[in-house]
């Protein structure tokens with residue numbers, strides 16, 4: 001099964017999802033005014049050029065092809081259960097995306113404009129996540145085309161981001177299911193602000209290992225579960241103070257502190273003032 005999506009004039013995306021037990025074949029004529037970006041997330045894709053030459057696009061890898069001097073028609077075979085995405089972008093459209101940052105894209109340099117450019121690389125976890133989202137069932141999405149286009153541009157940005165390889169990406173966050181588990185963990189913590197579960201209990205409840213919970217939570221929210229909870233507690237307490245419906249002792253109990261003194265100490269450390277002084281300053 002394949003689907004071709006027109007993202008804009010001069011920019012098409014082909015999604016191939018081989019759910020059969022047979023090799024899927026896909027062919028398309030592409031001239032030398034286009035750049036091709038190939039992404040394989042499952043199994044193996046092969047690009048065939050003549051009877052004896054083929055380029056492998058392995059699982060979780062990508063391949064960029066550009067040859068201004070020669071047409072590069074797509075003649076692809078995809079293994080059973082394979083998933084594969086192709087970006088076909090007119091060079092003029094591509095230039096419009098990166099006109100202000102052309103120095104980051106080597107084949108856009110003036111000295112390279114007439115040279116062919118082939119590069120293969122391993123996909124980052126962030127890229128894999130977006131690719132998997134492109135194959136997510138959109139039956140309940142009221143704006144499926146807008147969603148697809150947004151993910152296509154996001155993937156293009158990730159691919160050409162100069163800093164992407166330096167990001168501390170979390171390797172297991174390659175499916176929306178795992179991302180949803182981390183989000184669920186956050187909601188559980190918020191819902192049990194006064195008596196939160198232990199990290200192990202939280203990991204068990206959402207179905208992740210302890211190490212993956214810690215790593216994934218920090219990757220998505222930028223801080224550990226403990227620091228997130230501490231910040232959330234104190235911000236929640238600050239807003240409760242502003243209502244003037246509760247005293248300091250009542251608030252400290254509601255956010256899980258055993259004594260008011262512990263709460264006051266934590267509040268002062270974060271905001272630089274005691275709860276009472278803070279309330280007086282905003283009154």
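At a glance:
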{"read-out": "The stretch 176-222: relative contact order in percent, alpha carbon pairs under 8 Å with at least 6 residues between", "value": "39"}
{"read-out": "The chain: angle of helix 144-160 to the longest principal axis, Cα-based, in degrees nearest 10", "value": "80"}
{"read-out": "Ascending count of other beta-carbon atoms within 10 Å, so fewest first, for 145, 1", "value": "1, 145"}
{"read-out": "MRE, 222 nm, helices only [DSSP H, n ≥ 4, -39500 (n - 2.57), over the chain, to nearest 500]", "value": "-12500 deg cm²/dmol"}
{"read-out": "Sequence of 7, 282 once ranked by neighbouring C-beta atoms within 10 Å, starting from the fewest", "value": "282, 7"}
{"read-out": "Spatial separation of Cα centroids for the stretch 225-283 and the stretch 1-77, in angstrom", "value": "57"}
{"read-out": "Extension gain, residue 23 back to residue 276 (0.36 nm per residue minus Cα-Cα distance, nm)", "value": "84.0 nm"}
{"read-out": "Exposure proxy order (Cβ contacts within 10 Å, fewest to most) of 93, 206", "value": "93, 206"}
{"read-out": "Relative contact order (percent, whole number), the chain, Cα cutoff 8 Å, 6+ residue spacing", "value": "13"}
{"read-out": "Gain in span if fully extended, residue 223 to residue 58, counting 0.36 nm per residue against the direct Cα distance", "value": "56.0 nm"}
{"read-out": "Model label zone, residue 246; criterion: amide N under 15 Å from point 7 Å along Cα-to-beta-carbon; scope the stretch 192-213", "value": "192-196"}
{"read-out": "Kirkwood Rh and Cα Rg combined as Rg/Rh, the chain", "value": "1.13"}
{"read-out": "In degrees, nearest ten, helix 125-134 long axis to first principal axis of the chain (Cα)", "value": "70"}
{"read-out": "Rounded to 10°, Cα long-axis angle of helix 260-271 versus longest principal axis of the chain", "value": "40"}
{"read-out": "Residue of 66, 117, 53 that the Gaussian network model of the chain assigns the largest fluctuation, springs spanning Cα pairs under 10 Å", "value": "53"}
{"read-out": "Max mean-square fluctuation residue, GNM over the chain, Cα-Cα springs under 10 Å, options 178, 60, 69", "value": "69"}
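Values quoted throughout were computed directly from the atomic coordinates according to the rules given, and no laboratory measurement underlies them. Computed from a predicted structure; not experimentally measured. In this analysis, Cβ positions are derived from the backbone assuming ideal geometry, glycine residues included, and neighbour counts consider all displayed protein chains.
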